[in-house]
1. Quick one: how many residues across region 30-49 are more than 22 Å from the chain's Cα centre (by Cα) and either closer than 17 Å to Ala77 by Cα or in a helix (DSSP H, G or I) (or both)?
2. When residues of region 404-423 are filtered for being surrounded by fewer than 19 Cβ atoms within 10 Å (Cβ to Cβ), touching an Asp or Glu at 6+ places or on another chain (Cβ under 7 Å) and within 20 Å of Gly262 (Cα to Cα), how many remain?
3. So, in region 122-158, how many residues would count as being assigned to a strand (DSSP E or B) and more than 25 Å from the chain's Cα centre (by Cα)?
4. Just checking, does region 181-188 include any residue being of a type in the set (Asp, Glu), under 20 Å from the mean Cα position of the chain (by Cα) and assigned by TED's automatic domain parsing to the domain that holds Gly16?
5. Pairs only if they're at least six apart or on different chains, beta carbon under 8 angstrom, first in region 282-294 and outside the structural domain of Thr94 (by TED's automatic domain parsing), second exposed (fewer than 12 other Cβ atoms within 10 Å of the Cβ); list them, first residue then second.
6. Tell me which of these Arg63 doesn't satisfy, since it passes every other one: (1) surrounded by fewer than 17 Cβ atoms within 10 Å (Cβ to Cβ); (2) charged (D, E, K, R); (3) modelled with pLDDT of 95 or more.
7. Just a yes or no: is a residue in region 184-200 of a type in the set (Gly, Ala, Ser) and in a helix (DSSP H, G or I)?
8. Could you list, in sequence order, all residues of region 50-90 that are part of a helix (DSSP H, G or I), without any contact (Cβ under 8 Å) to a residue 40 or more places away in the chain and over 21 Å from the mean Cα position of the chain (by Cα)?
Amino acid sequence: MRLSMVGTGYVGLVTGVCLASTGNEVTCVDVDRAKVESLRQGRSPIYEPGLDELLERNIRAGRLRFTTDALEAHRDADMIFICVGTPSDERGRTDMSYIWSATDAVGDVLRSLGPGQKPKVIVMKSTVPVGTTLAMRDRLRQRVGPDIPFGVANNPEFLKEGAAIEDFNRPDRVVVGVEDERVGERMRDLYDPFVRNGHPIHVMDVLSSEMVKYASNAMLACKISFINEMAALCEAYGANIARVREGMCADKRIGNQFLYPGLGYGGSCFPKDTLACVMMGEQAGVPTPLNKAVHDVNQATRERFFAKIQGHFKPAGGLAGKSLAFWGIAFKPRTDDIREAPALTLMRKALGFGAKVRAFDPVANDNARRELGHSVEVLDDMYEAARGADALVVCTDWDEFKSPDWDRLSGLMKERAVFDGRNLYLRVPLAEKGFAHYAVGRTVSKPR
């Protein structure tokens with residue numbers, strides 16, 4: 001098929017590259033000329049394992065092109081995927097300006113091609129409030145008139161940052177929302193190469209398809225907040241969340257995924273989508289107190305962890321003048337995404353109390369420098385970040401942080417204190433090395 005992607009962000013680029021890899025001809029369009037030129041040279045603007053290799057291969061094979069010209073992108077396309085951002089404010093209100101701008105640009109192309117064109121399918125790939133795909137249909141119809149044929153579909157993405165290529169190529173399921181069964185069959189044909197593992201393609205109505213995305217992410221966010229709330233109870237009563245999780249997750253009804261205590265969720269999806277559920281509930285007059293609580297617990301998890309850092313330094317006069325080393329800035333490993341990252345929250349709070357902050361991340365350093373400016377010293381070596389530190393704060397569970405050289409750290413750090421936001425370390429070995437160890441859902445381990 002001939003396909004076009006509107007937007008070359010995370011979703012648009014991964015979708016375009018993976019669909020090109022199965023033989024489709026894909027053109028990605030973006031208004032950012034510098035980004036388009038970089039992509040033409042095979043340079044990805046995001047870090048995602050496996051993406052660079054597929055990007056280069058498909059460009060070389062002539063199956064993947066990039067342009068700033070909407071007419072060039074959409075003229076011969078059988079399907080047009082809208083993959084632009086839908087950012088939200090802290091209350092969850094979604095900024096729809098990029099969606100409507102993309103819709104109007106597509107409408108202008110359809111109108112310019114006239115009524116004799118083969119019907120195109122306009123696919124909403126962006127995560128949007130329920131009802132948006134049908135509103136897009138109506139907006140397009142108003143723009144192009146009654147005589148130009150087109151269909152619409154909703155096709156939510158379920159890509160985990162750090163594993164997006166694998167998720168797209170071997171999905172648990174593909175969800176498609178359509179009004180017309182013929183559009184559903186075209187979508188089945190497109191995704192058939194990706195579900196030969198026997199996993200299903202669910203074709204349903206458009207409104208339900210849009211809701212599937214929110215319901216899925218809200219459920220996963222709920223699991224994260226739940227385990228962190230249990231971790232807080234464990235700390236209060238002296239239980240060990242690792243043991244509690246072990247016993248709880250042995251129940252097949254519960255399972256073990258997304259039930260890891262830590263600093264809470266971040267990134268571009270869970271915070272936004274949980275708040276979007278709250279917003280949609282407010283607009284419909286249907287309260288969503290559970291989703292509101294999930295968000296509140298997530299924010300409180302960061303506050304509670306920062307209180308541990310404050311409590312440790314209180315006998316020494318507080319954080320003012322202390323040096324904190326942060327390992328991990330990205331919200332999760334295998335990505336350079338720092339949106340809503342717990343590390344940023346903790347670093348900014350520490351700076352607000354007068355601490356000095358140094359930080360290291362294997363791939364997110366450049367993004368962190370752009371975001372934080374000169375307020376935080378971002379270094380390119382994990383041990384250099386710890387030099388002279390009064391404490392080490394671990395925020396992301398990158399593999400290289402899991403078995404550090406504690407003897408080396410003992411010689412580099414001014415004081416031996418570790419705030420383990422991902423429960424990476426065992427208490428006894430750290431105590432024997434002379435480190436105070438603060439984890440999540442466990443009592444504090446003091447040096448021996």
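The values are calculated or read from the model by the stated rules, or taken from the named source; none is laboratory data. Given the structure is predicted, the values throughout are model-derived calculations rather than measurements. Note that we place each Cβ from the backbone using ideal geometry, even for glycine, and neighbour counts take in every protein chain shown.
1. Counting residues in region 30-49 that are more than 22 Å from the chain's Cα centre (by Cα) and either closer than 17 Å to Ala77 by Cα or in a helix (DSSP H, G or I) (or both) gives 6.
2. 0
3. The total comes to 3.
4. No, region 181-188 contains no residue that is of a type in the set (Asp, Glu), under 20 Å from the mean Cα position of the chain (by Cα) and assigned by TED's automatic domain parsing to the domain that holds Gly16.
5. Pairs found: none.
6. Going through (1) surrounded by fewer than 17 Cβ atoms within 10 Å (Cβ to Cβ); (2) charged (D, E, K, R); (3) modelled with pLDDT of 95 or more one by one, Arg63 breaks only (1).
7. Within region 184-200 (the criterion being of a type in the set (Gly, Ala, Ser) and in a helix (DSSP H, G or I)), the answer is yes, since at least one residue qualifies.
8. The answer is Glu53, Glu56, Arg57, Ile59, Arg60.
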